[in-house]
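Working notes for the structure below.
The values are calculated or read from the model by the stated rules, or taken from the named source; none is laboratory data. The shown structure was predicted, so the numbers you read here are calculated from the model rather than taken from an experiment. Glycine also receives a Cβ, built like all others from the backbone with ideal geometry; neighbour counts cover every protein chain displayed.
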Amino acid sequence: MSETNNYIYVSGVISSPPEFSHSIYGEKFYRLFLNIKRLSEVEDRIPVTISERIMPDAARGIGAHFSIIGQIRSYNQKTANGSKLLITVFAKEIIHDMSSDRDTDCNECELTGFICKPVIYRTTPFSREISDVLLAVNRNYGKSDYLPCIAWGRNARYLKKLTVGNELSITGRLQSRDYRKLLDNGQMENRTAYEISCSSIELIETDFL
């Protein structure tokens with residue numbers, strides 16, 4: 001399986017020191033957060049998973065500007081209330097940008113995958129059209145990443161016509177969104193969701209001979 005179906009390039013400022021995440025065959029992986037400024041000046045706070053093997057010393061602190069090339073990965077984390085889908089950027093390459101110019105922040109991704117749940121289409125009270133879709137992006141060794149995507153306006157109307165099993169090519173950005181969830185005990189909890197905001201969507205037609 002080629003890995004060209006899952007690509008992300010992000011550039012921003014490290015906003016948390018790395019914390020140990022897990023170890024595979026003796027290789028340690030750490031999790032940190034990268035703050036990426038949008039054109040609107042709002043910042044996305046994106047989780048990044050990085051191997052100790054490629055992590056430079058400057059990434060162990062806060063405030064340094066880095067560019068990261070990698071993939072968007074999903075993991076299921078078991079909790080007391082079931083399982084939770086975790087989204088992260090899995091770093092393949094990390095580059096220390098010596099300039100601290102936040103105007104160079106970047107957040108671009110390209111994905112190819114299959115719709116694995118019915119598209120949810122809705123409109124806001126201000127008549128803005130939105131579609132949510134869960135994309136299954138194949139990975140090596142028979143694995144897949146399940147990535148939530150959101151589209152607006154014309155793209156939302158296009159998505160609502162599609163069905164489970166359709167293959168899509170999507171470009172966009174990985175964004176963070178804070179929200180409050182009402183728990184079973186009546187308390188409100190602050191949470192963060194991660195999703196791919198689609199800027200373009202293309203249906204991949206498959207010809208069967």
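Could you check the range 80-111 and list, in sequence order, the residues that are touching a helix residue (DSSP H, G or I) at 6+ places or on another chain (Cβ under 7 Å) and either of a type in the set (A, V, I, L, M) or not assigned by TED's automatic domain parsing to the domain that holds G70 (or both)?
I94, L111
Given the criteria within 23 Å of I46 (Cβ to Cβ), of a type outside the set (V, I, T) and over 21 Å from the mean Cα position of the chain (by Cα), does E189 qualify?
yes
What pairs come up if the first residue lies in the range 54-65 and is in contact (Cβ under 8 Å) with a residue 12 or more places away in the chain and not assigned by TED's automatic domain parsing to the domain that holds S11, the second is hydroxyl-bearing (S, T, Y) and surrounded by 15 or more Cβ atoms within 10 Å (Cβ to Cβ), and their beta carbons are under 8 Å apart, counting only those six or more places apart or on different chains?
none
Within the range 127-140, is even one residue without any contact (Cβ under 8 Å) to a residue 12 or more places away in the chain, among the polar types (S, T, N, Q) and outside the structural domain of R38 (by TED's automatic domain parsing)?
yes
Hey, can you tell me all the residues within the range 104-136 that are touching a strand residue (DSSP E or B) at 6+ places or on another chain (Cβ under 8 Å), closer than 23 Å to E41 by Cβ and exposed (fewer than 15 other Cβ atoms within 10 Å of the Cβ)?
Within the range 104-136, T104, C106, E108, T124, R128 qualify.
Only residues that are in contact with a strand residue (DSSP E or B) (Cβ under 8 Å, 6 or more places away or on another chain) and either farther than 25 Å from D101 by Cα or surrounded by fewer than 16 Cβ atoms within 10 Å (Cβ to Cβ) (or both): list them for the range 42-71, please.
S51, E52, R53, I54, P56, A58, G61, I62, G63, I69
Only one residue in L32, L39 is surrounded by 15 or more Cβ atoms within 10 Å (Cβ to Cβ), among the aliphatic types (A, V, I, L, M), within 20 Å of R177 (Cβ to Cβ) and free of Cβ contacts under 8 Å to residues at least 40 places away in the same chain, so which one is that?
Answer to the selection: L32.
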